[in-house]
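Taking it in order: structure first as structure tokens, then the write-up.
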Amino acid sequence: MKIGIIGCGHVGLVTAACFAQKGNSVFCVDNDEQRINMLRAGRMPFYEPGLEDMILTNIRNRRIVFSTRIKDAVNTCEALFISVSTPSMPSGALDLSAVEHVSREIAVNMRSYKLIVEKSTVPVRTCDKVHQTIKKYVPRGVSFDVASNPEFLREGSAIYDSMNPDRIVIGVSSKRAENILKRLYKPFKARIITTDIKSAELIKHASNSFLAMKISFINAVANVCELADANIDEVAYGIGMDNRIGHAFLKAGTGYGGSCFPKDVSGFIAIADSLGYNFGILKEVQKTNLLQRQYMVRKIESELWIVSNKTIGILGLAFKPDTDDIREAPALDVIKMLLEKGAKIKAYDPKAMENVKKVFPDITYCKNAYETADKADCVAVLTEWKEFAGMNLKKLKNIMSHPTIIDGRNIFDPAKIRKAGFTYHSVGRP
Ligand code: UDX
């Protein structure tokens, strides 16, 4: 099938790569000329394991082309996926102007039937607006359908998630649209859930908000564990054994970040508000998540008392491992709070340092974890990169001024690390 993907961000590029890998011809469009030139040269605009290889293979096979012109995609393709960015506005609601613009551009260029599929994360009823807009601008007599097909890929394992989805959700209002999407997704051999369009839009917001709620819940329980001298690892294991709850997303830590959960939770609160429902639970989820970052700073302070002029080594800057994405990363807030208190920050991340340099140009960036710990009064682990858990504890202890670790991701075994001579605090563990 010939497919157009409008918007070459994380969702668009991964979707394009996977559709091409399944034998489709994919026409990728982005209005950022620099990005398109980069992609044509086979360079990725962000780090995502496996993406570059898959894109390069499909460029060579002539199954992916890149362009800045929506018109060309509309001329060539039967289905057009909108995967442009929908950033949060200060109110928490999403800015949908890029979706509106793309819908108009598609409409004016349509000469025959097209299926327009909304894949960006958008509030419920956005597809209605897309439909209205296309109807207004499309040449008379040209028919079309709009569908919702939310994505559930995780950064860092986006290719795997897209090639092996738990489920594929398609929200449609016609048999023709349903058939096109089913044909496209057949090779993925996944369960396809067909719903009305508004329900599909809601599934996306509700899924991410539920997962964020699970994380804030377990972090709140971890805080109670600390006060009661109980162990969150054992509590999470015990409650996760209940099939109705499950173990996933019950890892206590410094809270969630990234481009999705914070934005989706506030987006869901905003759309619910505008429909007349006060989504109180989700407001608490947000609050709990931000407090978790403050608790990290409080833990560092409770060890060092005054942090001013002390050297704090930060291990991990990305919002999670295996990505260079620092959007809404807890580490950024923690560093900001520590700098405001006069701390000297040394930092290391295997992938995300170039991005953080743009936010904090004046902190010290290190070549590796040991250099970060060298002469530090305290080390804080804020992203659970595998290489941190495998560090040589003896070496680490010898190079630190005061061997103190605040483990915001529970990567170390408390007994082992104390035995190695460290002062150690983690999240929700005695
Ligand atoms: C998420 C959803 O998983 C995905 O389905 C959706 O399409 C996009 O948003 P992503 O943002 O890539 O994906 O990351 P994910 O792996 O889900 O983690 C999100 C955040 O939650 C990270 O900051 C992570 O550190 C945190 N997290 C996750 C926890 O703190 N504890 C957990 O148990 C799990």
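Key figures for this structure:
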{"item": "Shape call, segment 40-119: gyration tensor on alpha carbons, a/c limit 1.5", "result": "oblate"}
{"item": "Within the accessible area of the chain (1.4 Å probe), percent carbon and sulfur", "result": "52 percent"}
{"item": "Computed label-point distance, nm, for sites D53 and S143 using a 7 Å Cα→Cβ extension", "result": "4.4 nm"}
{"item": "Residue among F412, I36, S91 farthest towards the positive dipole end of the chain, charges placed on Cβ", "result": "I36"}
{"item": "Ordering of 300-311, 130-141 by packing [mean C-beta count within 10 Å, highest first]", "result": "300-311, 130-141"}
{"item": "Ordering of 234-245, 407-418 by burial proxy (mean other Cβ atoms within 10 Å per residue, highest first)", "result": "407-418, 234-245"}
{"item": "Where the chain is the region considered: accessible area per residue in Å², 1.4 Å probe", "result": "46 Å²"}
{"item": "Span from the segment 216-275 Cα centroid across to the segment 1-15 one, whole angstrom", "result": "31 Å"}
{"item": "Between segment 34-51 and segment 360-411, the alpha-carbon center distance in angstrom", "result": "31 Å"}
{"item": "Additional length obtainable on full extension of the chain from F360 to S157, 0.36 nm per residue less Cα span", "result": "70.3 nm"}
{"item": "For the chain, with +1 on Lys and Arg beta carbons and -1 on Asp and Glu, the positive-most of I345, Y295, T383 along the dipole", "result": "T383"}
{"item": "Three-way shape call for the chain based on the alpha-carbon gyration tensor, with the a/c threshold at 1.5", "result": "prolate"}
{"item": "Test item: Cα-centred dipole of the chain, Lys/Arg +1 and Asp/Glu -1 on Cβ, debye", "result": "1020 debye"}
{"item": "Global geometry of segment 2-195, whether rounded, prolate or oblate, following the gyration tensor of its Cα atoms and the 1.5 cut on a/c", "result": "rounded"}
{"item": "Degrees, to the nearest 10: 97-109 long Cα axis against longest axis of the chain", "result": "20 degrees"}
{"item": "Degrees, to the nearest 10: 280-304 long Cα axis against longest axis of the chain", "result": "30 degrees"}
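The values are calculated or read from the model by the stated rules, or taken from the named source; none is laboratory data. Just so you know, these numbers come straight off a predicted model, no measurement behind them. Positions of Cβ are backbone-derived with ideal geometry, glycine not excepted, and every protein chain shown enters the neighbour counts. What goes into the accessible areas is simple: the full protein's heavy atoms, side chains included, and nothing from ligands, DNA or RNA. Shrake-Rupley method; radii C 1.70, N 1.55, O 1.52, S 1.80 Å.
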